[in-house]
Every structure is written in structure tokens, then in C-alpha cells.
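One structure is given below, encoded as C-alpha cells.
The values are calculated or read from the model by the stated rules, or taken from the named source; none is laboratory data. The model shown is predicted, which means the values in this text are computed figures rather than measured ones. Please note: Cβ atoms are built from the backbone with ideal geometry, for glycine as well, and neighbour counts cover all protein chains shown. Only protein heavy atoms, including side chains, enter the accessible area calculation; ligands, DNA and RNA are left aside. Shrake-Rupley method; radii C 1.70, N 1.55, O 1.52, S 1.80 Å.
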Amino acid sequence: MSNLCVEGDEHMFRIAICDDERQFRKRIHDILIEYMNENDILYEIDEFESGKDFISLGINLAKYDIVFLDVNMDELDGMETAQKIRKVSNDVFIVFVTAFITCAPQGYSVGAIRYILKNNVNFPELIFECMDAISMNMNYVAQKKKFNFNEGAKVVALERLLYIESRLHKLEFYIMEDKLKKYSIYGKLDELEKELQGNDFIRIHQSYLVNMKHIEKVSRYEALLNNGIKLEIPKARYKFVEETFVSYKGEI
């Protein structure tokens with residue numbers, strides 16, 4: 001279920017509500033709409049009945065700015081769901097909504113911004129306060145860079161940049177927004193590689209600069225991204241790519 005309010009190309013909040021109880025999804029949904037309308041914020045709110053449903057989005061879950069997670073869900077609980085979210089994105093704000101506060105200490109490991117008790121008499125006010133805190137922090141969390149694309153200038157959160165491909169003096173950027181989108185710019189991949197140094201990008205091929213956060217695995221002379229795309233790795237470069245990727249995965 002989705003509720004959408006979009007005008008023009010301004011920034012908007014993309015929010016997911018993940019709870020196996022329909023009445024609580026609706027309650028959070030209604031409070032969020034009230035908050036957005038009061039603050040004149042554009043929004044898109046989607047509802048998910050389980051952690052499994054949300055995680056099944058794969059790389060597409062990175063399009064959400066915020067996810068409200070019920071801790072106590074069957075099959076895949078909120079904490080497990082949050083851990084899987086963090087494998088895809090550190091950029092998503094996680095808010096746990098729970099009937100029990102005993103699991104709060106675990107939330108630090110997944111960087112949850114708030115724990116909100118479902119039975120708290122001030123539940124709406126707590127949601128409002130949480131959204132205020134996220135609004136204040138939003139512009140400072142993501143590592144961003146401005147690019148003057150052929151399609152127009154754009155500020156890009158680097159975490160949402162999957163990879164860049166060099167083709168005939170043109171660089172093609174594959175960026176996760178509401179869906180995977182492609183932007184282009186004239187330039188050299190060598191120069192861009194230097195610009196993005198220190199941001200977890202790896203040159204796996206003369207034509208590919210890839211964000212390691214979105215590499216699922218490296219094997220048999222190719223990199224499998226977490227949206228299913230496969231990119232070739234030349235034999236001469238394979239050992240370097242494999243060792244760098246294994247080291248990176250060991251650090252996060």
C-alpha cells in the first residue's frame with residue numbers, strides 16, 4: 001500500500017512502514033501524513049506486512065529515507081530486518097516501533113535513531129519529535145557530491161551510486177533513486193576515480209568504477225551487484241579486486 005504526495009522535482013521524504021499489524025501501520029501512516037501536511041513536506045509512504053517483504057526489495061530499499069520497523073514480527077523480526085537493511089545502506093534512518101523496550105541496546109548496532117513504544121500515551125508526539133530529529137540530521141548524514149550531468153546539475157548521495165561505466169568518452173552513472181536511473185557526463189574514468197578515492201569505490205575494469213557497498217560477491221571474473229547486475233573483471237585485475245573486496249567486507 002502506498003500513499004503519495006509529489007509536486008515537481010523537490011526533495012521529498014520516502015518512508016517505509018514495516019509492521020505485521022495493520023492497525024499500527026495505519027496509525028503510523030496517519031500520524032506521518034499529519035506531520036508532512038503541517039510542515040509542507042512532499043512525501044511517499046509505503047506499507048509492508050513483514051520484514052521479509054521489505055528485504056525482498058533488495059537494492060531498491062535504499063530509495064527510502066526512513067523505515068519504521070516493528071521489532072516483534074514473525075519469520076524475520078525487526079532487528080534481523082535492520083541488520084539486512086544495513087548490508088544495503090547506512091543511509092536509511094531506522095526507527096523501531098515496539099511494544100517492548102528490553103531490546104533497545106541492540107539497536108545501537110544497527111544505528112537506530114529512535115525506539116518508540118506502541119502503548120505510549122504520547123505516541124503521536126514521539127513520532128513528530130522523531131521526524132523533527134531526522135529532518136535536522138538528514139542533510140548531514142549522506143556523503144554527497146555535485147555532478148554537472150548532461151541531463152542537468154545534480155547532488156548525488158554517493159551511497160546511492162552503484163557504479164560508473166566509461167563509454168566512448170562519456171561516463172554513465174547508475175544511481176538508485178525511486179528506481180535505478182542513468183545519468184551521463186563527458187569525462188575520464190581515471191580522473192573520477194581520483195575524485196572518489198576514499199569513498200569505497202573500486203576500479204574493477206578499465207570501464208567500470210564500482211561502489212563496493214553494492215557488490216554482493218566477486219567470483220569467476222565478475223562482480224555480482226546486489227541488484228543482480230553482473231560486471232566483468234579482467235583476469236589481470238581479478239586478484240586485486242578480490243583481495244580488496246574481501247578486506248572491505250571484513251571491515252564493515
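Residues that are over 24 Å from the mean Cα position of the chain (by Cα) and not in a strand (DSSP E or B) were ranked within segment 185-203; the one that is surrounded by the most Cβ atoms within 10 Å (Cβ to Cβ) is LEU189. Just to be sure before I move on: is ILE175 over 22 Å from the mean Cα position of the chain (by Cα) and aliphatic (A, V, I, L, M) in the structure I sent? For ILE175, the condition - over 22 Å from the mean Cα position of the chain (by Cα) and aliphatic (A, V, I, L, M) - is not met.
When segment 54-66 is filtered for residues that are of a type outside the set (Gly, Ala, Ser) and either closer than 20 Å to ILE175 by Cβ or modelled with pLDDT under 90 (or both), the ones remaining, listed by number, are LEU57, ILE59, ASN60, LEU61, LYS63, TYR64, ASP65, ILE66.
Does GLY107 fit the bill of being loosely packed, with under 15 Cβ neighbours inside 10 Å and modelled with pLDDT under 90? Talk me through it step by step, then tell me what you get.
Details: loosely packed, with under 15 Cβ neighbours inside 10 Å: no; modelled with pLDDT under 90: yes.
Against the criterion (loosely packed, with under 15 Cβ neighbours inside 10 Å and modelled with pLDDT under 90), GLY107 does not qualify.
All of (1) at pLDDT below 95; (2) open to solvent by 60 Å² or more (accessible area, probe 1.4 Å); (3) of a type in the set (S, T, N, Q); (4) more than 23 Å from ILE113 (Cβ to Cβ) hold for ASN150 with one exception: (1). Among the residues of segment 59-72, is any in contact with a strand residue (DSSP E or B) (Cβ under 9 Å, 6 or more places away or on another chain), closer than 24 Å to GLU159 by Cβ, of a type in the set (A, V, I, L, M, F, W, C) and open to solvent by 20 Å² or more (accessible area, probe 1.4 Å)? Scanning segment 59-72, I find no residue that is in contact with a strand residue (DSSP E or B) (Cβ under 9 Å, 6 or more places away or on another chain), closer than 24 Å to GLU159 by Cβ, of a type in the set (A, V, I, L, M, F, W, C) and open to solvent by 20 Å² or more (accessible area, probe 1.4 Å), so the answer is no.
Look at MET79 and say whether it is open to solvent by less than 50 Å² (accessible area, probe 1.4 Å), farther than 24 Å from MET138 by Cα and either aliphatic (A, V, I, L, M) or assigned to a loop (DSSP other than H, G, I, E, B) (or both). So MET79 does not fit the description; no.
Scan segment 9-56 for residues that are part of a helix (DSSP H, G or I), open to solvent by less than 70 Å² (accessible area, probe 1.4 Å) and over 24 Å from VAL71 (Cβ atoms) and the total you get is 1.
If you go through segment 204-217 one residue at a time, do you hit one that is free of Cβ contacts under 8 Å to residues at least 40 places away in the same chain, hydroxyl-bearing (Ser, Thr, Tyr), surrounded by fewer than 18 Cβ atoms within 10 Å (Cβ to Cβ) and not in a strand (DSSP E or B)? Taking every residue of segment 204-217 in turn, none turns out to be free of Cβ contacts under 8 Å to residues at least 40 places away in the same chain, hydroxyl-bearing (Ser, Thr, Tyr), surrounded by fewer than 18 Cβ atoms within 10 Å (Cβ to Cβ) and not in a strand (DSSP E or B). In this entry, PHE240 is excluded by the filter for residues that are part of a helix (DSSP H, G or I) and crowded, with 17+ Cβ neighbours inside 10 Å.
Picking from residues in segment 218-230 that are open to solvent by less than 30 Å² (accessible area, probe 1.4 Å) and under 14 Å from GLU165 (Cβ atoms), the one that is modelled with the lowest pLDDT is LEU225.
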